[in-house]
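Here's the structure we're looking at; comments come further down.
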Amino acid sequence: MRLAVFGATGGTGARLTRQALERGHEVAVLARRPQALGIDHPRLRVVAGDVTVPGAAAPVVAGADAVVSALGIGLHRYATTVYSAGVANILAAMAAGGPGRILVVSTSSLSLPGRERLAEWLLARLVLHPLLRKPYADMRVMEDELGTSDAAWTIVRAARLTNGPPTGTWRVAESGKLPGCWSISRADLASYLLDHVADPSLARTTVDIAY
C-alpha cells in the first residue's frame, strides 16, 4: 500500500513511518525539516514543506492509497492552527484527486467522560481542558472539518501518549467513550493506525484507544 503520512517527525508519526516501512508499505511524508526525520529507506519519499500552506500536501497525497495524519504540538499550551489548517489542506488535496481514506490522530480527553467516572472527569475538566484549551479548540475545528468532508475518515482519539514499548494489546471504543482511558504508547497507537488504515468498517467513525 502507498501511504501519505503527515506529522512524521513527531513521536507517533516517526514510529508510524518506521512500522509502515517494516510492513512493506511505500511511504511519502511532508516535513518542514526533512533532516529531522532521521529515516533513510528506498520505499520512503520525503517532501519538504509546511502542511499549513495551501497546496503543500498535494505532492505527498498524489498517488497514495490512504492518508494518515499524526499532526500535533504535543502538550504545548499555545494557540495553533496546525490541526485545522493542516487537515483542511490535506482534505483539499484528497478532493483534488487523492485517495478517499484518511485516519487522523486526536485526543481522548477532547470530550469529557461522564461524572460517574469521577477521577477521569476531574482530570479532564479541571486540569486538561483549562491547560490545553487553545490546542483543544483547534482539534475540535479539525474534527468538525472531517465530519463535513466527503472523505472516508476515522478519527482516532488516543489516551495520554507514552514512549513505552509496543505490546500489541489495547482497548478501543468505536463511536463511544472508552472508560479508564489513561494511556497508550505511541508504538501501539502506530500499530493500530496501520492495522486499520484500509478498514472500511471504520469509515466516518471516531475511535477511543487506550490500554
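The values are calculated or read from the model by the stated rules, or taken from the named source; none is laboratory data. This is a predicted model, so every value here is computed, not measured. Every residue, glycine as well, gets a Cβ built from its backbone with ideal geometry; the counts of neighbours run over all protein chains shown. SASA here: full protein model, heavy atoms, side chains in, ligands and nucleic acids out. Shrake-Rupley method; radii C 1.70, N 1.55, O 1.52, S 1.80 Å.
For region 179-191, check the following and say yes or no: at least one residue is assigned to a helix (DSSP H, G or I) and open to solvent by 50 Å² or more (accessible area, probe 1.4 Å).
Yes: region 179-191 contains one or more residues that are assigned to a helix (DSSP H, G or I) and open to solvent by 50 Å² or more (accessible area, probe 1.4 Å).
Output yes when any residue across region 127-147 is assigned to a loop (DSSP other than H, G, I, E, B) and without any contact (Cβ under 8 Å) to a residue 40 or more places away in the chain, and no when none is.
no
Report yes if some residue within region 28-38 is open to solvent by less than 50 Å² (accessible area, probe 1.4 Å) and closer than 16 Å to residue 197 by Cβ; otherwise report no.
Yes, region 28-38 contains a residue that is open to solvent by less than 50 Å² (accessible area, probe 1.4 Å) and closer than 16 Å to residue 197 by Cβ.
Looking at (1) of a type in the set (A, V, I, L, M, F, W, C); (2) within 18 Å of residue 104 (Cα to Cα); (3) open to solvent by less than 60 Å² (accessible area, probe 1.4 Å); (4) in a loop (DSSP other than H, G, I, E, B), can you tell me which one residue 5 breaks?
(4)
Would you confirm whether or not region 178-192 contains a residue that is among the basic types (Lys, Arg) and more than 13 Å from the chain's Cα centre (by Cα)? It would help to see each step written out before you state the result.
Filtering region 178-192 for residues among the basic types (Lys, Arg) gives 186.
Next, only the ones that are more than 13 Å from the chain's Cα centre (by Cα) stay: none.
No, the conditions are met nowhere in region 178-192.
Please verify whether residue 209 is open to solvent by less than 30 Å² (accessible area, probe 1.4 Å), touching a Phe, Trp or Tyr at 6+ places or on another chain (Cβ under 7 Å), assigned to a strand (DSSP E or B) and modelled with pLDDT of 95 or more, treating the condition exactly as stated. Before the answer, list the steps.
On the way: open to solvent by less than 30 Å² (accessible area, probe 1.4 Å): yes; touching a Phe, Trp or Tyr at 6+ places or on another chain (Cβ under 7 Å): yes; assigned to a strand (DSSP E or B): yes; modelled with pLDDT of 95 or more: yes.
Yes: the conditions hold for residue 209.
If residue 61 satisfies every condition in (1) among the aliphatic types (A, V, I, L, M); (2) open to solvent by less than 10 Å² (accessible area, probe 1.4 Å); (3) under 12 Å from residue 4 (Cα atoms); (4) under 13 Å from the mean Cα position of the chain (by Cα) but one, which is the exception?
(4)
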